[in-house]
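No value in this document is a laboratory result; all are computed from the given coordinates. As the structure is a computational prediction, the values presented were derived from the model and not from experiment. Using ideal geometry, Cβ is built from the backbone for each residue, glycine included, and neighbour counts are taken over all protein chains shown.
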Amino acid sequence: MKQADLLWEQGQALSRQFNDVYFSRNKGISETAYVFLDQNYLPQRWQGKPYFVIGETGFGTGLNFFSTASRWLQESDKKACLHFISVEKFPLRLADLKQSLSCWPELDPMLSEFIPHYPPAVPGIHHIPLFKHRVILTLMLGDVEDMLSKISASVDAWYLDGFAPEKNPEMWTPTVFEQIARLSQKGTTFSTFTAVGRVRRALAEVGFEVEKVKGYGPKREMLRGVFTKPKAPTIKKPWFALSPSENCNKHAVVIGAGIAGVTTAWALAQRGWQIDLIDQRDEIAKEGSGMPQGIVMPRISLKETTESAFHAAAYLKTLRHLNAFKRDQSDFSWQQQGVLQLASTTRILNQVETGQFHPDFVKPVSPKEASALAGIDIKYKALYFPQAGWLKPRDLCHLLIQNAAGRITLHLNTAVRRLDFEKGQWRLKNEQSQLITSSAIVVLTNAARAMQFKQSHWLPLSVARGQISEIPATQQSQHLRCAICYEGYLLPENEGKHVIGATFIKGDAHTGLRQEEHLKNQAQLVRCFPELFDFKKSEFKGHAALRAITPDRMPLVGPVPDLDFYHKWYHDLQHGKAASNYPKARYLAGLYLNTGHGARGLSTSFLCAELITSQICNAPLPVPDDICQALHPARFLIRDLKKKMNPKII
């Protein structure tokens, strides 16, 4: 996407795209305080609230965000959370953002916290927790009409801060105001520097009471108002509509202590929850997350699809967390050395030769460039992911539990066999029907074992066996500086050995090591690097486990549907009746899923954990509606009903 093109005049930032200034150089913070905080009656309105949601059109330099976040940290309840949702079509380069804000040293602490998380100019939603989750920035990069139409939130106050309407009319259209009204509730306020008549009339038309007030400084007038006429929302897909969660005591049980379960427990703990994390094994991350090393990289596509948008957002969110952990704990195993994807197949070669990507995200490289990056000879063109890398999954899981500061209680060697719902609580029982624990909120993160419960056995999950191999490093292989993917993958030397892999056998539920799969991993490696290893001297070791996969390779994330309700009310979807004929979906109260990550769990788990947490906490979602629906546990059920097929029945 295009980034902002700035012109600097006497230290002031001017947009070349719109021929307008971003802010007053000398009085920018005072102007923000008067126009946006004061006219929205902040910080008075956020006092005593557990969270407050601000929406903004035009992130720009971030001055409004930083000024508001600074006031929030000083003047809100220490356990409260500010959700700041902002959209920007032309994001600034980081150097320009730093320079723009350099004249306000009082914002340096805010900027220092934010800079390591500033995303590359990749379209979509970037979910950025800051200040130990006291502030969450949802930065939406893209066209304002498109981005606002894709999200679900209940905004308390709006900052309408696009460039002047006559210079940036796309920010002030009736469609934009309709989306602002959709995302508002009765009592939502707005303020804006402009007093243009068509803006005033358009806001009044969508349900705001609008008034003119004194503008800032020499400006004669500006607008502010309150939303008084909400309309009944139009629900395009009621079978995916979410319901508010009941979470009074902030306690949840998470079943499964692999990467999906630990990230879910950690995300909830960051919001002040107490978590019982249960696993039937004697150690965390013992199965699919038990490999000695794992790669963190995105799945990409030449086409902009919901799947590719999900993987890009998940990958970038994972990077933000991993880099933050590495800054705080230098011995953490995260190695951000980049990853090369060799063009050893027609599909990857096509991506190398025709793909248009942001260079901070992925860039094509020649064999010579790939060799220089890797430290070994490479004969293929490649895609290079400069921010990708590898880590030890079990290290990450232990770090997350440690980071949760006592809010996660582990229960190992504990097998949950039944879930019974009684008096608003899920009662978890073992094989002898003895009570293990109970909670109003339960999240199933135990891969394909989520299907063992009667409430979820209809889910379209299957398993795929995977086996990695460990081989001794050679003098030549020790020069390898980054992970390399081909039909398999090769990781840099660690403790005298390399990890190579991995097999992928659908429907095979056995987890014993097999020599033939070691040989398959070896053969894939030799095709790309015939002289790098001496396999005559190698004695294979490795790890085998099962991946939980779905038919469309996307995880299952969200509340567990009430199957009887779906069959009763959506059984005739194949007739194509209007969505307005159907009621909103119903779910099993307090029961959630986060599973089906396949081979990509290291890259996808953080975002999915945040999505589950946001749903449980009734907070703004970290993904647009289309991604939320693409992850929804009922999506295959709805597809079957539309085709008049017969899903599994409880």
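In a shell of Cβ-Cβ distance under 11 Å around Asn494, excluding Asn494 itself, what net charge do Lys and Arg (+1) and Asp and Glu (-1) give?
Neighbourhood net charge equals -1.
Return the Cα extents of region 147-207 along principal axes one, two and three, sorted largest first, each rounded to a whole Å.
Extents along the principal axes: 29, 22, 18 Å.
Could you tell me the relative contact order of region 6-227? Use alpha-carbon pairs under 8 Å, at least six residues apart, and round to a whole percent.
Relative contact order here is 20 percent.
If you take the alpha carbon radius of gyration of region 64-121 and divide it by 2.2 N^0.38 Å, what ratio comes out, to two decimals?
1.21
Taking a ≥ b ≥ c as the square roots of the Cα gyration tensor eigenvalues, with a/c under 1.5 meaning rounded and otherwise prolate when a/b beats b/c, else oblate, which class fits region 530-570?
prolate
Please enumerate, by chain and number, the aspartates and glutamates with C-alpha under 14 Å from the C-alpha of Lys520, excluding those fewer than 8 residues away in the same chain.
Hits, sequence-local ones excluded: Glu470, Glu487.
If you average the alpha carbon positions of region 428-481 and of region 1-66, how far apart do those two centres end up, in angstrom?
45
Reachable lysines from Lys150, Cα under 20 Å, same-chain residues fewer than 8 places away excluded?
Within the straight-line limit of under 20 Å, Lys150 reaches these lysines: Lys89, Lys231, Lys236, Lys237, Lys303, Lys317, Lys584.
Give, as a single signed number, the net charge of other residues whose beta carbon lies under 15 Å from the beta carbon of Trp390, with Lys and Arg counted +1 and Asp and Glu -1.
+2
By the scheme Lys and Arg +1, Asp and Glu -1, what is the net charge of all other residues having a beta-carbon under 13 Å from that of Gly576?
+3
Once you order the gyration tensor axes a ≥ b ≥ c over the Cα atoms, which shape class does region 6-227 get: rounded for a/c under 1.5, otherwise prolate or oblate by comparing a/b with b/c?
Judged from the Cα gyration tensor, region 6-227 comes out rounded (a/c under 1.5).
What angle do you read, to the nearest 10 degrees and between 0 and 90, between the alpha-carbon axis of helix 515-528 and the longest principal axis of the chain?
Roughly 60 degrees, rounded to the nearest 10.
Pairs of Cα atoms under 8 Å, at least six residues apart: use those to get the relative contact order of the chain, whole percent.
14
Could you check how many percent of all C-alpha pairs in region 1-124 are farther apart than 21 Å?
41
In bins 10 Å wide, starting from 0, what share of all Cα pairs of region 59-172 does each bin hold, as a percent?
Taking every Cα pair in region 59-172, the percentages come to 12, 45, 35, 7, 0.
Give, rounded to the nearest 20 debye, the magnitude of the charge dipole that the chain has about its Cα centre when Lys and Arg contribute +1 at Cβ and Asp and Glu contribute -1 at Cβ.
Taking the Cα centre of the chain as origin, the dipole is about 1240 debye.
Would you give the gap between the C-alpha center of region 318-366 and the C-alpha center of region 569-609, rounded to a whole Å?
Taking the Cα centre of each part, region 318-366 and region 569-609 sit 30 Å apart.
Order by neighbour count: Glu9, Glu470, Glu31, fewest other Cβ atoms within 10 Å first, most last.
The most exposed by this proxy come first: Glu9, Glu31, Glu470.
Quick one: what do you get for the chain if you divide its Cα Rg by 2.2 N^0.38 Å?
Expressed relative to 2.2 N^0.38 Å, the Cα Rg reads 1.00.
Using +1 at the C-beta of Lys and Arg and -1 at the C-beta of Asp and Glu, which of Ala544, Phe565, Pro298 has the Cα lying farthest in the positive direction of the dipole of the chain?
Positive-most Cα among the choices belongs to Phe565.
When averaged across all projection directions, what area in nm² does the alpha-carbon convex hull of region 481-624 cover?
13.7
So in the chain, what percent of DSSP beta bridges are antiparallel if you round to the nearest 5?
The antiparallel fraction comes to roughly 65 percent.
Using a Cα-Cα cut-off of under 20 Å, which aspartates and glutamates could be cross-linked to Lys568, ignoring same-chain neighbours fewer than 8 residues away?
Asp640
Out of the GluC sites (Glu not before Pro) in region 486-532, which ones are loop residues according to DSSP with at most 10 other C-beta atoms within 10 Å?
For GluC sites (Glu not before Pro) across region 486-532 that sit outside H, G, I, E and B with at most 10 neighbouring Cβ atoms in 10 Å, the list reads Glu495, Glu531.
Show me the ranking of peptides 601-611, 230-240 by mean Cβ neighbours inside 10 Å, starting with the highest.
601-611, 230-240
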